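The values are calculated or read from the model by the stated rules, or taken from the named source; none is laboratory data. Because the structure is a prediction, the values reported are computed rather than measured. Cβ atoms come from the backbone with ideal geometry, glycine included; neighbour counts cover every protein chain shown. The area values use the complete protein model at the heavy-atom level, side chains included, leaving out ligands, DNA and RNA. Shrake-Rupley method; radii C 1.70, N 1.55, O 1.52, S 1.80 Å.
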Amino acid sequence: MKTPPIIFGQNFQRVHLLGAGGMGMAPLGLYLAQLGFRVSAEDDGWNPAVRELLERAGATITAAGDLPDDAQLVVFSSAVAVTHGSRRRAMASALPQVRRGEMLAEVMKGKKLVAIAGSHGKTTTTAMLITALQRANFSCGWILGGLFQNDALPPARADVSDWVIAEIDESDGTIDGFAPEITLAVNLDWDHADHYARLADLEAAFAALFARTKRAVFFDPANYLSVKAAAELKTDAHTFGKNGFYRYTVSLESQSELKLKLEGGFSPAFEATVRAVGAFNAHNATAALAVAHYLGANIDGQSLAGFAGVRRRQALLHASTITVYEDYAHHPTEIRALLGSLRQHQPARLVVVFQPHRFSRTAQFKAEFAAALGGADALFLMDVYAASESPVAGGTAADIYAELKKAGVESHVTYLPGDDDGMLRALKSALKPGDTVAFVGAGNIEQAAHEFVSGLKDEEQRNATWNEFVGAIRVRLSAATKLTEREILGPKTTMRVGGPARVYAEPANREDLRQLLLEADRRHLPVLLLGRGSNLIIPDHGVNGLVISFAQESWQKFEPQSDGRIWAAAGLRLKNLCGLATKSGLKGFEFLEGIPGSVGGALRMNAGAMGGWMFDVVDEVHLMSMQGDVRVMKKTEMHVDYRHCAELQDAIALGAYLKPAANADSTDIRRQIDTYQKKRVESQPREPSAGCIFKNPGGTSVGRLIDELGLKGERVGDAEVSPVHANFIVNRGHATSADIIGLVKKIRARVKSARGIDLEPEVLLYGQEWRDVL
């Protein structure tokens, strides 16, 4: 095993990395392990790829806050606050602690450091320089401030050579500890106002870095701040860029690569292929190749043709009907360059998800952020990622949103304060085929982007399965059966809300129903029944399932039998059942008249009203399993209780034989129905509703309970607690499912707070479980 070098004047063997999941810390940890240090590492939220990288290098991963007892030195990310548990433990144990930049500067002593510095693009430029040097077999070590897009090159390598390529960061002032052999300043822009309160402070820091550089400084003469910082330069100065000594012109740009004509300091001139796009990458590539040329590396037109790219730098995460990129851009200049490049190569609608990084930066650049982001066709704004900062006045996402409103572009902005999950759901609902989505910013947006793409891929796989289902089932159904995709379900319900069914079917007969169930079961697709659409709420985004409705005439039958029973098919409306029974002088069905459902739904839910229950009049039920098998069950064989029939939770009622109470005069039956109707009109609302929303808790009237708490008339959007009956939520015209669910939550919270009772919804949340939204 290697003996690690002496650092900070001591023979440290055991180094603990705090915040090791960061893109600057992880490559440093890899480099330290290669130098012979015993490395342990912790982070509050690991990226799996970064964790695996460190584990492969031999680092020990510890739990967050678990500082190893044998640690001799703690290296921490500047994003880790002094109040962090491991930092407090280190202070209590008098363990030395240094920042990432301080440790990097220390291990660079005695090396010929090529330092890549600047405000924007330094990680990509460093990666390009490493790529070019490796292809030229130039011996050097390196430490990248990120990960390559693939595993062709590691993000760090300790080499026997004296030359080391490293990205150095000015954000926390640790840049002051470096004395490079060569410095490449990609560009300078005022950032990190938490450390550089004045622009002059940033200029001074880079002027001092240039002055400490031993051999050569490279900078862009078109960048005003770089020129100012280099004004007193006494070492060798080299310029690069469109008008620099090392100059370029873009001869061709496609969706995947650049062709650059390199001239001036590149002697003889040549054309280089760069596997990257955008003007900023032409600039970065020219800078990298200029330094490689200066070092004497054998560069040519293919030096960057195989450039792998850097993760989170214009990284393509997904390409299908929706294209998804992610990028670390967290400064207005970077965002403008990124969106300009995406707009050039992706002419479709550009949708941006942006997470601001640090309150101080947001406060400094809120107007500039709004201007840069205003060019998106749709913007979804996440809350600020604090990175251990305390809130700063004017430094929130709400302040960026206020700037967007000033510019008059808020109509295409979605911002849900404190609800990033809700914002991502809104993003999914808003996307259209052909859209390009860019997740932009620093913080935990990377995790959000990858989770979003994972969901997209799952959905695309589901859609492929649904497409296969539709293609296979169409040829097996009779012509009379209706089969559609993405049919809107809201108008088919009593509440009049809800989105589409992935596939909707109205089977003409039992055999077609059986074929639908068999094919769905074969592909493990969910199946839902839709009767008259009462007692349920369909989500706004719809239902990812096969929705079956018994709307065809064959399912509406009312057939008196010679033994006195009645055959009532599953699709027969309860109101019609009651009316037909009345005409036939059959008593016992009067209580069903006002229930807005069908026989099948009433059997499944054991529907009831006015003191009567569906199974009071049932003799036997014909049902079909989800695998297409038909079964006949007597009422005595079934398990029925309040609003529930066990046997019909995983099977479909085809219909039932019902038993009238007795024959009676139609006029007497009509009189009883009129009494029930009058009572219902007086006690229940007429506006669209789904019936009673909550189950009565422990025999208590939930309507009375909600009324006593003064909730009648309470609204969320166009959903209202009925002034007539407090256990009804009504649609005042334009309610959404989200409005209704929001009102359900509001009622439950008030009842829980005031009475300590957890109300349980009685209506179904179609295709979902209430526990998932409550």
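In table form, for the structure just shown:
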| read-out | value |
| --- | --- |
| Scan of segment 139-166 for residues that are part of a strand (DSSP E or B) and either open to solvent by 30 Å² or more (accessible area, probe 1.4 Å) or closer than 21 Å to residue 201 by Cβ (or both), ordered by number | 157, 163 |
| Hey, residue 210 assigned to a helix (DSSP H, G or I), open to solvent by less than 50 Å² (accessible area, probe 1.4 Å) and of a type in the set (Phe, Trp, Tyr) or not | yes |
| Any hit, segment 80-100, residues being within 17 Å of residue 35 (Cα to Cα), touching a Phe, Trp or Tyr at 6+ places or on another chain (Cβ under 7 Å) and surrounded by fewer than 20 Cβ atoms within 10 Å (Cβ to Cβ) | no |
| Subset tally (residues that are over 24 Å from residue 556 (Cβ atoms), in contact (Cβ under 8 Å) with a residue 40 or more places away in the chain and open to solvent by 10 Å² or more (accessible area, probe 1.4 Å)) for segment 494-523 | 5 |
| Residues satisfying the stated conditions in segment 167-185, i.e. surrounded by 18 or more Cβ atoms within 10 Å (Cβ to Cβ), under 33 Å from the mean Cα position of the chain (by Cα) and in a loop (DSSP other than H, G, I, E, B) | 168, 169, 170, 171 |
| Selection within segment 301-317 - surrounded by 15 or more Cβ atoms within 10 Å (Cβ to Cβ) and among the aliphatic types (A, V, I, L, M) | 304, 308, 310, 315, 317 |
| Tabulated pairs, segment 575-594, first in contact (Cβ under 8 Å) with a residue 60 or more places away in the chain, second hydroxyl-bearing (Ser, Thr, Tyr) and open to solvent by less than 20 Å² (accessible area, probe 1.4 Å), C-beta under 8 angstrom, 6+ apart or interchain | 589/582; 590/582 |
| Selected residue (criterion: most open to solvent (accessible area, probe 1.4 Å)) from residues of segment 242-261 that are within 26 Å of residue 315 (Cα to Cα) and hydrophobic (A, V, I, L, M, F, W, C) | 252 |
| Test set (1) open to solvent by 10 Å² or more (accessible area, probe 1.4 Å); (2) in a loop (DSSP other than H, G, I, E, B) - residue 4 fails condition number | (1) |
| Matching helices (runs of 4 or more DSSP H) fully within segment 52-138 where at least 1 residues are within 30 Å of residue 293 (Cα to Cα) and of a type outside the set (S, T, N, Q) | 100-107, 122-135 |
| Per-region count, segment 530-584, residues assigned to a loop (DSSP other than H, G, I, E, B), farther than 26 Å from residue 477 by Cβ and open to solvent by 10 Å² or more (accessible area, probe 1.4 Å) | 10 |
| Residue identified as out of contact with any Pro (no Cβ under 7 Å at 6 or more places or on another chain), among the β-branched types (Val, Ile, Thr) and without any contact (Cβ under 8 Å) to a residue 12 or more places away in the chain among 82, 164, 98 | 82 |
| Pair list, Cβ < 6 Å and 6+ apart or interchain, from segment 255-268 residues that are touching a residue at least 40 places away in the same chain (Cβ under 8 Å) to residues that are charged (D, E, K, R) | 257/275 |
| Yes/no for residue 574 being out of contact with any Phe, Trp or Tyr (no Cβ under 8 Å at 6 or more places or on another chain) and not basic (Lys, Arg) | yes |
| Failed item in (1) closer than 30 Å to residue 190 by Cα; (2) in a helix (DSSP H, G or I), with residue 17 passing the rest | (2) |
| Conditions (1) modelled with pLDDT under 85; (2) in contact with a strand residue (DSSP E or B) (Cβ under 9 Å, 6 or more places away or on another chain): number failed by residue 256 | (2) |
| Cβ-Cβ under 8 Å pairs, at least 6 apart or on other chains, segment 528-553 side within 22 Å of residue 467 (Cα to Cα) and among the β-branched types (Val, Ile, Thr), far side in a loop (DSSP other than H, G, I, E, B) and open to solvent by 30 Å² or more (accessible area, probe 1.4 Å) | 543/767 |
| Any hit, segment 221-230, residues being closer than 19 Å to residue 165 by Cα and open to solvent by 10 Å² or more (accessible area, probe 1.4 Å) | no |
| Filtered residue count, segment 736-752, keeping only those that are closer than 15 Å to residue 499 by Cβ, open to solvent by 10 Å² or more (accessible area, probe 1.4 Å) and not acidic (Asp, Glu) | 3 |
| Criterion: open to solvent by less than 70 Å² (accessible area, probe 1.4 Å), of a type in the set (S, T, N, Q) and out of contact with any His (no Cβ under 8 Å at 6 or more places or on another chain) - qualifying residue of 284, 298 | 284 |
| Segment 23-37: number of residues that are over 12 Å from residue 55 (Cα atoms) and either of a type in the set (A, V, I, L, M, F, W, C) or more than 31 Å from the chain's Cα centre (by Cα) (or both) | 9 |
| Total residues in segment 348-364, condition out of contact with any strand residue (DSSP E or B) (no Cβ under 9 Å at 6 or more places or on another chain) and modelled with pLDDT under 85 | 2 |
